[in-house]
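To keep things clear, I will list the structure first and then write my remarks on it.
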Amino acid sequence: MKLLIVEDETGISNFLKQGLEEESYQVDVAENGKQGLDLAMSGNYDLLLLDWMLPGLSGIEICHQFRKEFKETPIIFLTAKDTVDETIFGLQSGANDYIKKPFHFDELLERIKVQLRPKSVENPILSIGNITLNTKAHKVFKEHEEIILTQKEFALLEYLLNNKGFVCTRTSIIKNVWDIHFDYNTGVIDVYINALRKKLKLNAKEYFIQTVRGIGYIAEEL
């Protein structure tokens, strides 16, 4: 597996490179945003580790540009930014996970392993009411109209439909959609649910994504 670290603090990047190579990963390092974006866009990497604050281009800008071409490659932010709003913003930008500095190398290593774990094969066509989700084509339709979703909105809808008829807690959603293993910021789910409902143009009779107060959400046809 080949990883790209985009980090301008040499001490951190050298430490990570040495540790990850000892775990048999191939590792390249970029010290600024432009170099990081150029390397990332080569498409040669299985996972990106991005610092948020970088000279040239920020990690957020790299993430936005990279996601236009590469939908599936995991991205983990390494950053000192730690508010809930900043976490939500980082995830909405296309990141799969988010770890705050300072961090333990063993925790980062486990998060990398989770992101690189082979995904199980699911039913390629999922549906609820007049909404159809094609996991292979990565497209969503409402009747014959294609609905354009972000990567995380798509992943959230896919998770809900894979568990249709069952309540999905906020914690289970954050762990399975984002692969993040902490609970305090699960309010990010509410932001995405509202955006999803709006994009799917759900009317009063299309109450397919229901709120289970105090617990989470359920995809269900009434």
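Details
- Quarter of the Cα convex hull surface for the stretch 70-111, i.e. its orientation-mean projected area (nm²): 3.1
- Legend: translational diffusion of the chain by Stokes-Einstein, Rh = Kirkwood radius over C-alpha pairs, 4 °C, 1.567 mPa s; D = 70 µm²/s.
- Cβ-defined net charge surrounding GLY11, 15 Å radius [Lys, Arg +1; Asp, Glu -1]: -3
- For the stretch 3-71, the percent of C-alpha pairs falling in each 10 Å distance bin, counted from 0 to the bin holding the largest distance, reads 23, 55, 22, 1.
- Unit charges on C-beta of K, R, D, E only; dipole of the stretch 14-123, Debye: 240
- Summed side-chain charge close to ILE60 - residues other than ILE60 whose Cβ falls under 12 Å, Lys, Arg +1, Asp, Glu -1: -1
- Computed from phi, the 3J(HN,Hα) profile of the stretch 41-57 under the Karplus parametrisation 6.51, -1.76, 1.60 (θ = phi - 60°) reads 6, 5, x, 8, 10, 8, 6, 10, 10, 10, 6, 7, 8, 9, x, x, 10 Hz, with x in place of Gly and Pro.
- The chain: DSSP helices with Cα axial extent of at least 15 Å and average Kyte-Doolittle hydropathy no lower than 0.0: 105-116, 151-162, 188-199
- Around ILE131: net Lys/Arg minus Asp/Glu count, Cβ-Cβ under 9 Å: -1
- For the chain, adding -39500 (n - 2.57) for each run of n ≥ 4 DSSP H residues and dividing by the number of residues yields -11500 deg cm²/dmol at 222 nm.
- Each Lys and Arg contributes +1 and each Asp and Glu -1, all at the Cβ; summed about the Cα centre of the chain, the dipole is approximately 920 debye.
- For the stretch 2-116, alpha-carbon Rg over 2.2 N^0.38 Å: 0.94
- P(r) of the stretch 125-219 over all Cα-Cα pairs, binned every 5 Å from zero, in whole percent: 2, 13, 27, 27, 19, 8, 3, 0
Values quoted throughout were computed directly from the atomic coordinates according to the rules given, and no laboratory measurement underlies them. Just so it is clear, the structure is predicted and the values come from calculations on it, not from any experiment. Positions of Cβ are generated from backbone atoms using ideal geometry, with glycine treated the same way; all protein chains shown enter the neighbour counts.
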